[in-house]
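Computed from the coordinates by the stated procedures, all read-outs in this text should not be read as laboratory data. Note that the coordinates shown come from a computational prediction; the quantities given were computed from them, not determined experimentally. Here the Cβ is made from the backbone with ideal geometry for all residues, glycine too, and neighbour counts use every protein chain on show.
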Amino acid sequence: MDPAMSRRGLSQEAVSAMMQCGCQGTPVRRVRQVNQSGVEGAAPYPLHPDGFACRASRTGRTAPLKETKMTSHLPNHTLKQHLPLILAVPLLASAALADDLVLSSGGKTGYVIVLPKDAIPSETRAANELASFLQQIGGAAFPVQDDGTPLSEKAILLGNNAHLAGLGVKPDWGKLGKEGFLLRTAGPHLVLAGGRPRGTMYGVYAFLEDKLGCRWYTSKISKIPHRDEITVDELNETQVPALEYREPFNTDGFDADWASRNRCNSNAAALTEEHGGKITTIPFVHSFYQLIPPATHFADHPDWFSEIDGKRTADGAQLCLTNPEVTALMIEKVKETIKAHPEAVIVSVSQNDWRGNCQCAKCKAIDDAEGSPAGSLVTFVNAVAAEVGKEYPDLAIDTLAYQYTRKPPKTVRPLPNVIIRLCSIECDFGQPLATGERNKSFADDIRGWHELCDRLYIWDYITSFSHYMVPFPNLHTLGPNVRFFAENGVKGIFEEGNYGPGGCGECNELRNYLLAKLLWNPNVDENAVRQDFLAGVYGPAAQPLEEYLRSLQRAVEKQNVAVPCWFTPDAPIFTDDLIANSEALFDKAEAAVGGDQELLLRVRQARMPIDYVVLNRNAGKSQGTWKLTDTRFEPTVPDPVAASNRRFFETAKAVGLNNLHEGGQSHNPVHVEEFHNRVGVALGGVDVDWIKGERFAAALAPELGCRVVAVREAASKTDRAIFSTSSAQAAGAPAYQEVFFPNLGVDTPFAPDAGEYATDLPNGLNVRRNVTVLPAGFQLVSKVRNGGQDQPVQASGRLLLTLSGAIRATGAFGERAVPALEPGAAANVVLTPAEVANQPVTFASAEGASVTIAVQGPLAGLSAGRGPDGLFGVAVAFEVPTLKAGESTQWTSSLTFSEQTAGAKADTPGALECQAAMLPCYREGELSGKRFEPTAADGRASYIIGSTNEWALQWSYPAAQFQPGRKYDVLAAVRILAADVTVTGVGLTCGVYSVPNAAYKTGSDLKDDACKPGQWQWLKVGTVTPEGGDYVWFAPAKNPTVKEIQLDRILMVPATEGG
């Protein structure tokens, strides 16, 4: 679930009631520690210090033997009192006390590991893992044999072993279930036995961890102690997990070895039969359209889909849950899924990741009677589950209680083979879910579902999905939340974190490890677990890191700041004082590790989130400070910011950081390379190459798409065109840059090659560029060879320079005025290839400054209009409809400047621009998309079809780039394409929404004659003081006279006094 999807998929009316959403579709008690001399046997972590019942799992020599059990039998639905989840329950007859077992000493052992003769793959793996780790600890090789041989004098017995009965060990296999186990000494023997398929394997790992001190903190970092002698105290301990399903959904947790060793049976982990398998769910949520796709069925059966506003639709909709044909087809599809995937334990029959539930009379009648749309959903899922259960009694049907279905129905009870997966997406994760003031409605809902459900699962959220690297202060709530879930009958928990390729998000591995322990035993003391992880991973740097994490918690609690699952770097907790204190603590941590480069890299990775905040807060503060030298074009920034910039990207490369957010509806860069090119360059600058002529020189930045960043008069060093750093869509707007559609080569590095610059684009195009300095400007030749399949070639070059006041365009077409930047005015002057006719076009201001553009090649159009920072922009679009494999094409752009362009002043300095083609599109290709558009300011535009009212285009603007406290006018270049020559009614709506405040800040629309079909025009969205968590949105109005709305660019212009 992407936290941006639910928000972006809402109508204006829905969002006004929402605040919450963000997710879409398709993450100290004292501790008895092992001492330096190797005395082991204590459980690694105590229970949570809230009065729970269980105590030692390790007995002393003279103490009476006790047993502990983690029960899977949570408080039943008739018992509402708080009960401990760990109970002291004697399951086996007590054995006589005996001396410690000495498993190995001095690198030698008399023990053998004994497997059942019919051992399953996970038990065989467990035996091999046990032998391997025991050898790593003590140096002795432990033989492995099966129970078909006589019992050795000293044996470690695994699983349902033939020798157990003779030792008087009689496990209650029924109570152990699939994952429970017992750890027991029986004379000189050690018994590690559990249920199938995972119990014995988990018992082995628990023994290694709890009794011998092994740790598997991450998929790459473990701690295996080394001892001359391995001894084991008397044991008689039984554990059964409190939860049947445990999934910390983080990238590192997908590693099969890590997941199995930390006793997670995650659906997403790469767990095989050797790892004991997993809780396999197919399909995995949001499955309505996966199982009954509208592309296949809507045309013939529109009544199978939602009725909304009196019409059947599959657009942003669900299924009609009271249609018996839909029920019958769903039963058929579920059975097909089970046959195709016999490994499935659960089949999800769940709503799509948007709203749009059916409002037909039958569905509405059930929902009204039940007080929630969950009424018709559970009724439908029950019908499917009842029929499927006849043939597959051991399989469960899973559905979501998510957003509009989160509230439980009044009377409809899910069947025993139905799992309700309750989602916490709307919550404040900086407060405990049970007691947080902003979480009361969720707490009420989980208690309501507890009254109704036999099997309740949770889908929880543990990171910021819009900024994986931002500090997300929720560590202090994880323990209370898991215990709250367990107290309310929850039997499975999915904790969604950073699951992007490469992982490496903020505290990703710490959360993973902490949650693994909590999901196995909700009563574990999470503070002890956290401290153990910090000490094990960061060594002497653990204490300053702990202080840093605690400071985040204190900041959230002191300021009472909400922490939604789209938390941002401009959240109010990130004050100058907090950042300075964090930097000091990390300096202390780095000093503590000395010259240990491995530990230093770990500390640097932990420091990346605070560096990320620093970079985002300062990205727009380098405006006006840029300087051009013989080798660099860079801004002046404070030394600490420069250090954060350098350190962040060096560490990102070293640890393999890839994704910075989940994707979907977010303007923030998805990949770290994009973030570097937008923010890293804005704070660190770029290398430049100078192409020199007799009078002028052009500065190129090869690493940023071979941009021309400046054109300078050599003698006076007066700039005629200069890179602008006020553009919000990139590190800065280039003086001139060419890019390919769709968004190819925007920041693709070019390399010098035989007097030219060359690169290979992802679609197989090889591009070579040659820049020549002219007497009064420069010429750029682009040569394109298709090394891939037959394909269109679409590219655009954009020039930005200072032309202020009234501007006129002249050429073979005659003369045209370029409109001013004001609402209702045309946004772009558009010239067709025929109008240009291979003749130069001159754009001149009233003050005499001008630029002349001459183009040769496959011209598709030319567009001009106002750009960022008060600059004037000209876009030249090129197109070859089909360039066959192996063929080439080329074009030439020549630009010359008048004397007056040097030193000209801009109209609106400080204006920030966002090009619409840089925005993500909600349900791209279905409701919205991007296209090559020669009439747009950069040759590209985004669109939304007119038959929806979804906010399918959104821009979460970077508040840190604006002058604090200043008001800005939000202007957008938009165009409406009508079904006819006119539009009747509202054609387009837009506004600015504040997520933290759950409120509209401003808004506007176009209707009737103001729509001006077919013409780009400036629309004033409103005036705002930018704050973190704001976003600008655009939507059609479901008007049948509108085919689509288009967005070219957004400008944030400093408002005049009183604006």
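Taking the chain on its own, what percent of its Cα-Cα pair distances exceed 56 Å? Percentage above 56 Å: 23.
Based on C-alpha pairs under 8 angstrom that are at least 6 apart in sequence, the range 749-875 has a relative contact order of 20 percent.
Only beta bridges with both residues in the chain are counted; by DSSP, about 85 percent of them are antiparallel. In loop segments of the range 888-986 as defined by DSSP, the trypsin sites (Lys or Arg not before Pro) with at most 14 further C-beta atoms inside 10 Å of their C-beta are K905, R966.
Extension gain, A361 to L761: 0.36 nm times the residue separation minus the Cα-Cα distance gives 138.6 nm. Extension gain, D753-L601: 0.36 nm per intervening residue step, less the Cα-Cα distance, totals 51.1 nm.
Comparing G448, A606, P116 along the charge dipole axis of the chain, the residue lying farthest to the positive side is G448, per the Cβ-charge model.
Evaluating 6.51 cos²θ - 1.76 cosθ + 1.60 at θ = phi - 60° for every residue in the range 531-539, the Karplus couplings come out as 5, 5, 4, 4, 5, x, 8, 10, x Hz, glycine and proline recorded as x. Across the range 688-909, how large is the tail of the calculated P(r) beyond 24 Å, expressed as a percent of all Cα pairs? In whole percent, the long-distance tail amounts to 41.
Considering only alpha-carbon pairs that sit under 8 angstrom and 6 or more positions apart, the relative contact order computed for the range 305-456 is 20 percent. Sequence-distant contacts, meaning Cα pairs under 8 Å at least 6 residues apart, place the relative contact order of the range 370-498 at 23 percent.
When the listed pairs K407/K517; K278/K364; K117/K333; K339/K1043; K621/K653 are checked against a 32 Å cut-off, the alpha-carbon distance exceeds it for K278/K364; K117/K333; K339/K1043. Of the residues V334, T568, F778, the one whose Cα sits farthest toward the positive end of the charge dipole of the chain, with +1 on the Cβ of Lys and Arg and -1 on the Cβ of Asp and Glu, is T568. Determine the distance separating the Cα centre of the range 1029-1055 from the Cα centre of the range 285-338; give it in Å without decimals. The range 1029-1055 and the range 285-338 have Cα centres spaced 31 Å from each other. About its Cα centre, the chain has a charge dipole of approximately 760 debye under the convention of +1 per Lys or Arg Cβ and -1 per Asp or Glu Cβ, with nothing else charged.
In terms of surrounding Cβ atoms within a 10 Å radius of their Cβ, C214, C1011 rank from fewest to most as C214, C1011. If only the Cβ of Lys and Arg carry +1 and only the Cβ of Asp and Glu carry -1, the dipole of the range 763-830 around its Cα centre is close to 300 debye. Binning the C-alpha pair distances of the range 913-1054 at 10 Å intervals from 0 yields a P(r) profile of 13, 44, 34, 8, 0 %, listed from the shortest bin outward. Each of R647, R261 was scored by other Cβ atoms within 10 Å of its Cβ. Arranged with the fewest first, they read R647, R261. Neighbours of Q553 by Cβ distance under 13 Å: Lys/Arg scored +1, Asp/Glu scored -1, total 0.
Both numbers refer to the Cα atoms of the range 101-235; Rg and Dmax are 13.9, 41 Å.
Taking label points 7 Å from Cα along the Cα-to-Cβ direction, Q839 and K311 give a separation of 4.7 nm. Excluding same-chain neighbours fewer than eight residues apart, the aspartates and glutamates reachable from K967 by a Cα-Cα span under 20 Å are D570, E822, D869, D907, E913, E1027, D1030, E1057.
Mind checking which lysines have their Cα closer than 25 Å to the Cα of K108? Skip sequence neighbours fewer than 8 apart in that chain. Answer for K108, where 25 Å is the Cα cut-off: K154, K211, K223, listed by chain and number. Neighbours of A162 by Cβ distance under 15 Å: Lys/Arg scored +1, Asp/Glu scored -1, total -2.
With K and R counted +1 and D and E -1, the other residues having a Cβ less than 15 Å from that of D454 yield a net charge of 0. With Cα atoms as the point set, the radius of gyration and Dmax of the range 838-993 evaluate to 19.0, 55 Å.
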